[in-house]
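I have placed the structure first, in the form of structure tokens, so that the comments after it can refer back to it.
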């Protein structure tokens, strides 16, 4: 039986690869909904990018719900310097002909979790955690009914990609992250320490392009642009393909290495705002609230990404 998932997203290209991989894995995953949030770009634009991606592969039946347009207590900080003005630079996809479904994303998360069997739904969180925190505030019972939340975010020893201490998704809304990490819901975290080992090299992108379909050609160009910032700013051999690690973990957990630890979110001091304080050696003797992925087989990961992304096109 396939695992039911909701993907909470703020699409730049790697977000879209994530949910298209899920659609290319119907035997393992059932994508119930996509929920959008203000993040890499505005809420309106993240929703447009989600709809564009679904239309590219003819999967317009998947409901898309718009959520929070800003963090719980702060102004939104986008990542347009990384992903371009519309979050999707590098290839011009047609404007969507479909629209978002009716309903507020946090409400729909609550509805889906409460209407399904306990411990039957997993959330893949690949954006600021605002929608999920709002859902938990609206209906605290979902904390115990979720099977798991798999989060792309944070860092341990790799350092942040927004500040020396913080990764973008956690930095944007640390108050929301704190609500999620203290919820008691089983959490798996994929930090930069892991995703920075998953680089979109020329050889890997050429392998993706060689599939030869329209959507793979589009993502070849989108991912090629998407890697420019990190490859130049951080002197990497290509850019990290961050967000698909969440779906890859659900599909093939054996390609990752992990450790159960305590993760606490720093939100009170500006210099460490959004830092994921990972107690790797159990010094504080706090509850082990997070399964942290710290390594992956990068070749197996890219093989899986290419295989399942290709299958999303039918």
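The values are calculated or read from the model by the stated rules, or taken from the named source; none is laboratory data. Not measured: the values here are computed from a predicted model. Cβ sites come from the backbone with ideal geometry, for glycine too, and all protein chains shown count toward neighbours.
Okay, here's what the table says:
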item: Options 155, 127, 135: the member that is buried (at least 24 other Cβ atoms within 10 Å of the Cβ), under 19 Å from the mean Cα position of the chain (by Cα) and over 30 Å from residue 59 (Cα atoms); result: 155
item: Verdict on residue 177 being buried (at least 19 other Cβ atoms within 10 Å of the Cβ) and either touching a helix residue (DSSP H, G or I) at 6+ places or on another chain (Cβ under 6 Å) or at positive phi (or both); result: yes
item: Filter result for residue 203 (part of a loop (DSSP other than H, G, I, E, B) and surrounded by fewer than 23 Cβ atoms within 10 Å (Cβ to Cβ)); result: no
item: Candidate set from the stretch 269-314 (those that are touching a helix residue (DSSP H, G or I) at 6+ places or on another chain (Cβ under 9 Å) and free of Cβ contacts under 8 Å to residues at least 24 places away in the same chain); member that is surrounded by the fewest Cβ atoms within 10 Å (Cβ to Cβ); result: 299
item: Condition check for residue 49: at pLDDT 95 or above and surrounded by fewer than 16 Cβ atoms within 10 Å (Cβ to Cβ); result: no
item: Residues within the stretch 30-68 that are more than 16 Å from the chain's Cα centre (by Cα) and within 19 Å of residue 309 (Cβ to Cβ), tallied; result: 12
item: Yes/no for residue 79 being under 30 Å from residue 232 (Cβ atoms) and surrounded by fewer than 16 Cβ atoms within 10 Å (Cβ to Cβ); result: no
